[in-house]
1. Can you tell me which of Ala114, Ala165, Ala23 moves the most in a GNM of the chain? Springs connect C-alpha atoms under 10 Å apart.
2. Compute a Gaussian network model of the chain, connecting alpha carbons closer than 10 Å, and tell me which residue from Leu141, Leu32, Leu40 fluctuates the most.
3. How much length would be gained if the chain were fully extended between Ser82 and Ala176, taking 0.36 nm per residue of separation minus their Cα-Cα distance, in nm to one decimal?
4. Within the chain, which DSSP H helices have Cα atoms that stretch 20 Å or more along the helix axis and a mean Kyte-Doolittle hydropathy of at least 1.6?
5. For Ser82, Ser102, what's the largest-to-smallest order of accessible area, 1.4 Å probe?
6. Assuming R0 = 22 Å, what is the FRET efficiency of Leu45 and Ala118, from their Cβ-Cβ distance, to the nearest 0.05?
7. What is the dipole size for region 45-198, taken about its Cα centre, with +1 at each Lys and Arg Cβ and -1 at each Asp and Glu Cβ, in debye to the nearest 20?
8. What trypsin sites (Lys or Arg not before Pro) does region 8-92 have in DSSP loop regions with at most 11 other beta carbons within 10 Å?
Amino acid sequence: MTAVHHVLPGRRYRLGLGIALGAARWLRWIGLAWIVLTPLLSVLLVNAIETGLWAITATVFQWFVASAAGRWLYANLPAAISRGVTRRELTTALLVFGTLASIATTAVVTAGFAAEHALLSAAGEPLGTWGDALGNGTRYLLITPIYCFTGALIGAAALRFAGRAWFTLVVLVAAAGQYSGVLALEFGYARGGTDLAGWAGICLAVTAVLVAGLAATLRTVPVRTK
């Protein structure tokens, strides 16, 4: 009995790390193409895309982060619970994954904004300053968790409400509404739409609501044999 209690406390963190590593493997070629090609294309398309191509593709990449969380949860929740993993452990594991995914994504996005700025400056077409470029990247430390836990919540809800005719419609409508709000957060601050403290508070509040919704949904997901 003692040995079991000694192992369990760390399992949630190992599981979260495992989800992150699995997501990294799944995204590695997409990420590589994104990192290499986008700054170069930004130089070629600078006269056509005023915001720079990196800002647009950084947003698109968030969809893949959301998908990675939702895909893993939908595919693995029943098997994980059958192996004795508790729903509380799964919630913590997804928090670990969300933290790691946010840090990694922010690092890549910030490096991409810096690379794009350097290339555009060399081409004589800089977009803003170095401070703008770095600030645009670091805001994803609070934006990526929103995408990540949205994906996880959709995955959990798909298990909870599997087979309900209304579920797909509700998800589409709710996701569209939320995505509009997230885009306003993502680009509103970058354009000086709100103060930093207020913007950060909104991002944290949205993330907290999503995590609470995820935890509540996980507690009510029925485990069905496949």
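The values are calculated or read from the model by the stated rules, or taken from the named source; none is laboratory data. Fair warning: this is a prediction, and the values are worked out from it, not measured in the lab. Backbone-built Cβ (ideal geometry, glycine too); neighbour counts: all protein chains shown. Just the protein is used for accessible areas: all its heavy atoms, side chains included, with ligands, DNA and RNA removed. Shrake-Rupley method; radii C 1.70, N 1.55, O 1.52, S 1.80 Å.
1. With Cα springs under 10 Å in the chain, the top fluctuation among Ala114, Ala165, Ala23 is at Ala165.
2. Comparing Leu141, Leu32, Leu40 in the GNM, the peak value goes to Leu32.
3. Value of the extension gain: 30.4 nm.
4. 196-220
5. Largest accessible area first, the residues go Ser82, Ser102.
6. Efficiency for this residue pair is about 0.85.
7. I would put it at about 880 debye.
8. Arg83
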